[in-house]
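Take a look at the structure below.
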Amino acid sequence: AGGEDVEIREEPVETADGTPIEVAANVGTQADLAPAADRGADGIGLFRTEFLFLDRQSPPDEEEQYEAYRDALERFPDGRVVVRTLDVGGDKPIEYLDLPEEENPFLGERGIRRSLGPDADLFETQLRALLRAAGDDAGGKLSVMLPLVSTVEEVREAREVLEAVAADLEAEGVDHVVPEFGVMIETPAAAFVAPDLVEHVEFFSIGTNDLAQYVMAAERGNSRVSDLGDFRQPAVLRAIRETVEGAEGTDVWVGMCGEMAGDPELTKLLVGLGLDELSMSAVTVPQVKRAVTETTVADARALAKRALAASTKAEVEAVLTETTQ
Ligand code: PEP
Ligand code: MG
């Protein structure tokens, strides 16, 4: 459904019983920025920085990145812009980076693994640009997010780099702010250690595209195994529950920026699972906002409880259709 008939809500929304749910947009190219604002997104829940590095001979320098991040922030003066650090490897190759030949690139050097390894220089430059953009008063609030985290050590190490970058900027007298800091939960390992990760971050954002792939051992985009890699698989729902439970009782907020977040048929379930923020391609923002306003947290929780008790994908689907009729 294109959803052209759904009202565009510029304001943040809450459930029918008053719980605010942030509805944000994913941005994967420069051209995604305008629609994100036009369709009423509260902010950007996933700014995929890969596009800044693609289709060119060398990486963008600090200044170019600073301007791109500031641009995004200025579109959302009252919102939050979650910028993900470079996520290459796996299905995201970049020629000048000279990525290794790997038998299983999805299980190899990708995301944060490269940023803490061969791409350390790029990581530092990107963080400098991000901390400078965060210090810019004109725009919204910037958050930094790490991709493909699987251990506490990775987060600690990345945080040390961030602090070293802040210290350098301070010593140079360059304006900056240390931004909100979070991680994507897109490996089963991250979901399992969520209760340990909370000590090192301010937020989680669940990346269901990769999480489903890794939980189910079913390659994303491979149609032969798409039934296994489905978000409605009980094991995927339980990985989401683990993540939310890991953050319970802490100040860590939990969002979702994988494609699952953009399906309005799943909004009630996601509210019931305890998500605080949903981020998706701009096109479905109005439908998801509407779905948020149409449920109460109590109803949503009851639905989530039943979905989590299901032992097959078919049972999960049955639970979901019961309630949409
Ligand atoms: C995800 O894995 O769900 C995600 C949002 O990141 P990407 O699709 O860019 O890997
Ligand atoms: Mg991912």
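Rule-based calculations on the coordinates, nothing more; no lab input. From a predicted model like this one, the values you see are computed outputs, not experimental measurements. Don't worry about glycine lacking a Cβ; one is built from the backbone with ideal geometry, like all the others, and counts go over all protein chains shown.
State, to one decimal in nm², a quarter of the convex hull surface area for the C-alpha atoms of the range 5-68, i.e. the direction-averaged projected area.
Numbers: hull surface 23.2 nm².
Computing the convex hull of the Cα atoms and averaging its projections yields 5.8 nm².
Taking the Cβ-Cβ separation of residue 311 and residue 121 as r and a Förster radius of 41 Å, what is the calculated FRET efficiency to the nearest 0.05?
Details: r = 48 Å, r/R0 = 1.18.
So, using R0 = 41 Å, E works out to roughly 0.25.
Where nothing but the Cβ of Lys and Arg (+1) and of Asp and Glu (-1) is charged, how large is the charge dipole of the chain around its Cα centre, in debye to the nearest 20?
Details: 29 positive and 66 negative charges, 243 e Å.
That gives the chain a dipole magnitude of about 1160 debye.
Taking every alpha carbon pair in the range 235-308, what does the distance histogram look like in 5 angstrom bins from 0, in percent?
Each 5 Å bin holds this share of Cα pairs: 3, 17, 29, 27, 17, 7, 0.
With the Cα gyration tensor of the range 11-162 giving a ≥ b ≥ c as the square roots of its eigenvalues, does the rule (a/c under 1.5 for rounded; else a/b larger than b/c for prolate; else oblate) give rounded, prolate or oblate?
Numbers: a/c = 1.80, a/b = 1.58, b/c = 1.14.
Because a/c hits 1.5 or more and a/b exceeds b/c, the range 11-162 counts as prolate.
Which shape class applies to the range 37-90: rounded if a/c is under 1.5, otherwise prolate when a/b exceeds b/c and oblate if not, where a ≥ b ≥ c are the square roots of the Cα gyration tensor eigenvalues? Walk me through the intermediate numbers first.
On the way: a/c = 2.53, a/b = 1.71, b/c = 1.49.
Prolate is the answer for the range 37-90, as a/c is 1.5 or above and a/b outweighs b/c.
Pull up all non-local amide H partners of residue 205: gap of 5 or more, or a different chain, and H-to-H distance under 5 Å with H placed in the peptide plane.
HN-HN under 5 Å from residue 205: 183, 184, 185, 255.
Among 304, 271, 151, which residue has its Cα positioned farthest towards the positive end of the charge dipole of the chain, with +1 placed on the Cβ of Lys and Arg, -1 on the Cβ of Asp and Glu, and the dipole taken about the Cα centre?
Of the candidates, 304 comes out farthest on the positive side.
How compact is the range 212-251 by the rule of thumb for globular proteins, expressed as Cα Rg over 2.2 N^0.38 Å? List each step's numbers first, then the result.
On the way: Rg = 12.4 Å, N = 40, 2.2 N^0.38 = 8.9 Å.
In units of the globular-protein estimate, the range 212-251 measures up at 1.38.
How many percent of all Cα-Cα pairs in the range 236-276 sit more than 11 Å apart? Intermediate results must be reported in sequence, preceding the final value.
Numbers: 526 of 820 pairs.
Cα-Cα pairs of the range 236-276 separated by over 11 Å account for 64 percent.
Looking at the range 54-139, I'd like the Rg to Rh ratio, where Rg is from alpha-carbon atoms and Rh is Kirkwood's inverse mean 1/r. Write down the numbers at each step before the final one.
Numbers: Rg = 14.5 Å, Rh = 14.1 Å.
With Rh from the inverse mean 1/r over Cα pairs, Rg/Rh is 1.03.
Using the Kirkwood radius built from alpha carbon pairs, what does the Stokes-Einstein equation give as D for the chain at 37 °C and 0.692 mPa s, in µm² per second? Mind dumping the intermediate values first?
Working: Rh = 20.0 Å.
So the translational diffusion coefficient is about 164 µm²/s.
Under a straight-distance cross-link criterion of Cα-Cα below 19 Å, which aspartates and glutamates are reachable from residue 313, leaving out those fewer than 8 residues away in the same chain?
Within reach: 210, 219, 227, 230, 242, 259, 263, 265, 322.
Taking the 0 to 90 degree range and rounding to the nearest ten, how far is the long axis of helix 152-172 tilted relative to the main principal axis of the chain, both from C-alpha atoms?
40 degrees
With a/c under 1.5 counting as rounded, go ahead and sort the range 190-325 into rounded, prolate or oblate using the C-alpha gyration tensor (a ≥ b ≥ c being the square roots of the eigenvalues; past the cut-off, prolate if a/b is larger than b/c, else oblate). Before the final figure, lay out each step's value.
On the way: a/c = 1.35, a/b = 1.07, b/c = 1.26.
It is rounded, given that a/c, with a ≥ b ≥ c, falls under 1.5.
Add -39500 (n - 2.57) for each DSSP H run of 4 or more in the chain, then divide by its residues: what number comes out at 222 nm, to the nearest 500 deg cm²/dmol?
Numbers: 14 runs with 137 residues, N = 325.
Taking each H run of at least 4 residues, the total per residue is -12500 deg cm²/dmol.
Under a GNM of the chain (C-alpha, springs under 10 Å), which listed residue has the highest mean-square fluctuation: 109, 172, 242?
It is 172.
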